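Have a look at the structure that comes next, please.
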Amino acid sequence: MNNPGLIEKYRKYLPVSAKTPVVTLNEGETPLVHAPSLTRLAGVPLKVYLKFEGANPTGSFKDRGMTMAITKAKEAGAKAVICASTGNTSASAAAYAARAGMACYVILPKGAIALGKLAQAMMHGAKVIAIDGNFDHALEIVKEISGKYDITLVNSINPYRIEGQKTGAFEIVEQLNNQAPDFHFIPVGNAGNITAYWKGYKEYKQLGIISKLPKMMGWQAALSAPIVKGHPIENPKTLATAIKIGNPASWKMAVAARDESFGLIGSVTDDQIVSAYCHLGKIEGVFCEPASAASVAGFIKLAKAGYFKKTAPKGGTAVCILTGHGLKDPDRAVAVSLKPVTCKAEMNAVLKVMGLKARLKKKG
Ligand code: AN7
């Protein structure tokens, strides 16, 4: 059966009515991929899964929130939406706004958006405005504009974004046969997603669908880690541009998720992020964007420190959220990989480059 999209599937848990004009790209139902190499690193028989949110229609988890935000904007009669973005929000907002017949304005930090995301916002017809400033500046500007003009803000401070994104937790529970994982690893930028997942798990616990809640394990990039440091970062830096955020909007909610779940919010260096990014690509066959690999980098950091040997329950599970597709940031993939080799259009030249003559016997 065709996936009807989140709103149809989880209608009874979402603030919609029979009259709500649903705007969907049939988002959700993303794969939960087993990652045996991460179990080996954990050093205990913890089952580890990757929730591949890159399989959403615009290639990131933002679609879960955007189907709700744009649907509710349409219901309220909005003609235009606006967002600040490190890239994925703008790609998703542009796509759903196009589908809803609304204008879309996206305010981006100049020169800090991965190419795939920029291409999406442009292709879906958004008005793209690049400011001489970072994401935090852009967010301040869009908050001011949406406060003064008749234009709907679709950043994650819009509560409908959180409502949509909480369905990620519902799906994981269903994919794990009505259980929450023991550990939920997730990258943290503006902190909407960790807030949404925690809300989703808590709602399923309240409904009696699950009996225990996961520990929320959030990860920021080391030089963009305001929550870890305990103060805003004026000039955040990281190659994981999606989470290059110095003053997260949902800061307090992220801290609440951490504390209520007895989890943690830690940081990983850009080197650790790239290492996890390459590990996933080369060992698990999963291509995510660098910011997404922060969740796995955090997992690997803890695994190496022996964390799971002390904390993992018997038969336990961990889920790492891979928030966006690797194709979002082709420049980074090319930069960290071996370059293609050029040679003459002759079999012998190709064989020489392959190193086959030396290594493999001829067939027959
Ligand atoms: C791939 O697009 O903030 O902690 O403006 O694109 O909910 O912000 C993106 C964030 C993680 C962090 N992974 O999620 C934006 C934006 C990817 C992301 C995050 C983002 P939040």
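Here, each number is a calculation from the coordinates, and none is a lab measurement. Being a predicted model, the structure only gives us computed values, none of them experimental. Counting neighbours? That spans all protein chains shown, and the Cβs are built from the backbone with ideal geometry, glycine included.
Report the full-extension gain for the segment LYS310 to ILE157: residue separation times 0.36 nm, less the Cα-Cα distance, to one decimal in nm.
This chain segment gains 51.4 nm when fully extended.
Just tell me, in residue order, which DSSP H segments of the chain are both 15 angstrom or longer along the helix axis (alpha-carbon based) and at least 0.5 in mean Kyte-Doolittle hydropathy.
Those that pass (Cα extent of 15 Å or more, hydropathy at least 0.5) are 290-304.
While we're looking at this one, here's another question. Expected output is a single nm value to one decimal: the length gained when fully extending between TRP251 and LEU351, i.e. 0.36 nm times separation in residues minus the C-alpha distance. What is it? Present the calculation step by step, with values, prior to reporting the outcome.
Details: separation 100, 0.36 × 100 = 36.00 nm, distance 5.54 nm.
Taking 0.36 nm per residue and subtracting the Cα distance, the gain is 30.5 nm.
Rg and Dmax of region 129-184, Cα atoms, in Å?
16.9, 48
Rg(Cα) of region 1-153 divided by 2.2 N^0.38 Å?
It is 1.18.
P(r) for the chain, please, calculated from all Cα pair distances in 10 Å bins and given in %.
Answer for the chain: a P(r) of 5, 25, 33, 22, 9, 4, 1, 0 percent.
Please give, to one decimal in nm, the separation of the simple spin-label points placed at VAL334 and TYR13, each 7 Å out from Cα toward the Cβ.
Here the modelled spin labels are 4.1 nm apart.
While we're on this one: Calculate, for THR269 and ASN2, the FRET efficiency according to 1/(1 + (r/R0)^6) with r their C-beta to C-beta distance and R0 25 Å; round to the nearest 0.05.
The pair THR269/ASN2 has a calculated efficiency of 0.05.
With 5 Å bins from zero, work out the P(r) of region 83-205 over every alpha carbon pair and list the percent per bin.
Distribution as computed: 2, 11, 19, 20, 18, 13, 9, 6, 2, 0 percent.
Could you work out the helix-only [θ] at 222 nm for the chain, with each DSSP H run of four or more residues adding -39,500 (n - 2.57) and the total divided by the number of residues, to the nearest 500 deg cm²/dmol?
On the way: 17 runs with 154 residues, N = 364.
The helix contribution divided over the chain gives -12000 deg cm²/dmol.
Could I ask something else about it? Give me the three principal axis extents of region 86-150 from the C-alpha atoms, as integers in angstrom, largest value leading.
Result for region 86-150: principal-axis Cα extents of 29, 27, 13 Å.
Turning to a different aspect of this structure: If the cut-off is a Cα-Cα distance under 26 Å, which lysines reach LYS310, setting aside same-chain residues fewer than 8 apart in sequence?
LYS47, LYS51, LYS202, LYS205, LYS212, LYS215, LYS229, LYS301
A follow-up question, please. Calculate, for GLU234 and GLU174, the FRET efficiency according to 1/(1 + (r/R0)^6) with r their C-beta to C-beta distance and R0 25 Å; round to the nearest 0.05.
Efficiency computed from Cβ-Cβ geometry: 0.05.
Suppose every K and R has +1 on its Cβ and every D and E has -1 on its Cβ; what is the size of the dipole of region 71-193 about the Cα centre, in Debye to the nearest 20?
Dipole of region 71-193, to the nearest 20 debye: 420 debye.
Going through region 212-314, which GluC sites (Glu not before Pro) have at most 15 other Cβ atoms within 10 Å and a DSSP loop state?
Loop-located and lightly packed - GLU234.
Identify all aspartates and glutamates with a Cα-Cα distance to LYS110 below 18 Å; exclude those on the same chain that are fewer than 8 residues away in sequence.
Qualifying aspartates and glutamates at Cα under 18 Å: ASP132, ASP136, GLU140, GLU234, ASP329, ASP331.
Anything over 31 Å Cα to Cα? Flag those among LYS117/LYS282; LYS62/LYS314; LYS117/LYS352, in the order listed.
Long pairs (Cα-Cα over 31 Å): LYS62/LYS314; LYS117/LYS352.
Further question: Estimate the FRET efficiency between ALA80 and ALA119 by the formula 1/(1 + (r/R0)^6), using the beta-carbon distance for r and 22 Å for R0, to the nearest 0.05. If you can, show how the numbers build up before the last one.
Details: r = 22 Å, r/R0 = 0.99.
So, using R0 = 22 Å, E works out to roughly 0.50.
Still on this structure, I have one more. Taking only C-alpha pairs under 8 Å that are 6+ residues apart, what is the relative contact order of the chain in percent? Walk me through the numbers before you get to the answer.
Values: 750 pairs, mean separation 70.7, N = 364.
Dividing the mean separation by the residue count of the chain yields 19 percent.
Still on this structure: Using 7 Å Cα-to-Cβ label points, what is the THR20/SER37 separation (nm, one decimal)?
About 4.0 nm, to one decimal.
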